[in-house]
Amino acid sequence: RPGLGLDRARTLSVGTRKSGSVLPTEMRRSPRLRRRSTPALARGARMSAALLAIDGGNSKTDVALVSGSGDVLARVRGPGSSPHDLGVEGSAALLDGLVAQAAELAGLAGPRHCAGHAGVYLAGVDIPRETAWIEDAIVAKQWAPSVVVENDTMALLRAGTDKPNAVAVVCGAG
């Protein structure tokens with residue numbers, strides 16, 4: 001798709017043969033979202049990508065590292081990562097492996113401190129308690145100094161508009 005920098009992106013599919021869609025190069029943040037900080041990064045660690053974007057569904061997971069200018073530096077696809085299916089630690093471990101692969105494809109030293117912000121949108125993260133559990137596990141991975149974790153439907157809403165009211169149709173769960 002034009003403007004997404006896919007001609008320059010390195011792409012890897014893991015655990016699936018389907019070719020996939022590209023995550024949006026910008027995920028708008030609602031003012032109501034709280035950002036979590038990773039202490040080690042807040043002390044000035046060097047970052048290499050502006051955004052780590054994760055779309056984790058029931059049947060597949062897409063991970064992208066995006067530059068500040070919107071170019072996709074790397075993109076990886078893997079199996080579903082819903083905490084309902086894998087548990088919180090299993091989901092976080094699967095995501096960490098995919099982020100490590102994306103960081104390697106982008107030529108970064110590793111998954112730790114690989115981006116300035118991480119937007120993590122996962123299937124099955126529906127209520128505040130679930131969000132807090134997976135958010136704690138993801139923040140501990142230290143991918144970025146700020147992290148937003150929400151249901152994967154929110155990624156679609158934020159990609160389409162920055163208006164407070166929007167409608168989107170999602171056909172998911174495999």
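If you plug each phi of the range 120-136 into the Karplus form 6.51 cos²θ - 1.76 cosθ + 1.60 with θ = phi - 60°, what whole-Hz ³J(HN,Hα) values come out, in order, with x for Gly and Pro?
Calculated HN-Hα couplings, in order: 10, 10, 10, 5, x, 9, 10, 10, x, 5, 5, 4, 4, 4, 6, 4, 4 Hz.
If each residue of separation counts as 0.36 nm, what is the full-extension length gain between Asp136 and Glu89 once their alpha-carbon separation is subtracted?
15.9 nm
Which whole-number percent gives the relative contact order of the range 104-174, counting Cα pairs below 8 Å spaced six or more residues apart?
Reported relative contact order: 36 percent.
With a 1.4 Å probe and every protein chain kept in, tell me what percent of the accessible surface of the range 109-174 is carbon plus sulfur.
Solvent-exposed carbon and sulfur of the range 109-174 make up 56 percent of the total.
Which FRET efficiency value, to the nearest 0.05, is calculated for Val167 and Ile127 with the Förster distance at 35 angstrom and r the Cβ-Cβ distance?
0.95
Per the Kirkwood formula on distinct C-alpha pairs, the Rh of the range 52-174 is how many angstrom?
One over the average 1/r among Cα pairs gives 14.5 Å for the range 52-174.
The values are calculated or read from the model by the stated rules, or taken from the named source; none is laboratory data. Quantities reported herein were computed from a predicted structural model and do not represent experimental measurements. As a convention, Cβ positions derive from the backbone with ideal geometry for all residues, glycine included, and neighbour counts pool all protein chains shown. We work out accessible area using only protein heavy atoms, side chains counted, and drop any ligands, DNA or RNA first. Shrake-Rupley method; radii C 1.70, N 1.55, O 1.52, S 1.80 Å.
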